[in-house]
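What follows is a set of notes on a single structure, which appears directly below.
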Amino acid sequence: MAKRKHKPKEEKPYRPSGFETLIIALAIALILRATVIQAFNIPSGSMEDTLLVGDFLLGEKITFRFRNPRPGEIVIFEHPKVKGRELIKRCVAVAGDTVEVVNKVLYVNGKKFPDPPKSKHIDPNIYPRQYTPRDNFGPFVVPPNCIFMMGDNRDNSEDSRFWGALPLKNVKARPLFLYFSISPGPHPVQVRRNIDIYISLLKSLFHFPPLVRPMRIGMIIK
């Protein structure tokens, strides 16, 4: 009798388990965060009314790898004096520019720097430079490989007037748009730790009616 030929067993395609899928997804998310996309939240009022406390935004890390930030652009960066602390401000000058603030008015290379559309001053008082660099500063020449950063809320922003020019190596990302926004409520937020802002916003989520700001979601940042 003729021997029957055994059919080779068909190999089933490999399907990763749920745990393996989770690990892969986390790895991809970490790679994207490190190289392409960064999520960021606004913990203070230094960029009001352009960006508000409780705004959540996405930034991309590609553009500033090919060119430096330009005057007028908003930038996400690491604080030059506090490692690991990320801030968001507006670039107002680049290397070689001369920055001067005279009675709250910003001048770059002797010309008045145009105020961003939603920038503001909240304190009518003007202080001399011996008390604070907030209202009167410079002239200061931005060093090589650095940029000069200021918040749009000029009277309530700790920026390059206080801690100096920002090294370009500290630049992290260019903000794109808001993907979520929620009001922290009528009470001011005292942010001493990163978790403070999240605690405040979590309370807002359970507020009735909810304090979500739907008109800001999807807003392009500029």
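Taking only segment 152-186 into account, find how many residues are of a type in the set (S, T, N, Q), surrounded by 20 or more Cβ atoms within 10 Å (Cβ to Cβ) and outside any strand (DSSP E or B). Summing the residues that are of a type in the set (S, T, N, Q), surrounded by 20 or more Cβ atoms within 10 Å (Cβ to Cβ) and outside any strand (DSSP E or B) in segment 152-186 gives 2.
Of the residues Thr35, Thr21, the single one that is closer than 30 Å to Arg174 by Cα, modelled with pLDDT under 85 and loosely packed, with under 15 Cβ neighbours inside 10 Å is Thr35. When segment 152-205 is filtered for residues that are at positive phi and either touching a strand residue (DSSP E or B) at 6+ places or on another chain (Cβ under 9 Å) or at pLDDT 95 or above (or both), only Gly164 remains. Count of segment 97-151 residues, restricted to those that are surrounded by 12 or more Cβ atoms within 10 Å (Cβ to Cβ) and either in a strand (DSSP E or B) or among the aromatic types (Phe, Trp, Tyr) (or both), is 22.
Of the listed requirements (1) at pLDDT below 95; (2) among the aromatic types (Phe, Trp, Tyr); (3) closer than 22 Å to Arg65 by Cβ, Phe148 misses just one: (1). Is it the case that segment 122-133 has a residue that's without any contact (Cβ under 8 Å) to a residue 60 or more places away in the chain and within 19 Å of the chain's Cα centre (by Cα)? No: segment 122-133 contains no residue that is without any contact (Cβ under 8 Å) to a residue 60 or more places away in the chain and within 19 Å of the chain's Cα centre (by Cα). Name every residue in segment 72-86 that is without any contact (Cβ under 8 Å) to a residue 24 or more places away in the chain and either in contact with an Asp or Glu (Cβ under 8 Å, 6 or more places away or on another chain) or charged (D, E, K, R) (or both), in order of residue number. Within segment 72-86, Lys83, Gly84, Arg85 qualify. Scanning segment 139-164 for residues that are closer than 16 Å to Lys120 by Cβ and under 16 Å from the mean Cα position of the chain (by Cα) gives Met150, Gly151, Asp152, Asn153, Ser157, Asp159.
The values are calculated or read from the model by the stated rules, or taken from the named source; none is laboratory data. Owing to the predicted nature of the structure, the values given are computational and were not obtained by experimental measurement. Cβ coordinates were reconstructed from backbone atoms using ideal geometry, including for glycine residues, and neighbour counts include every protein chain displayed.
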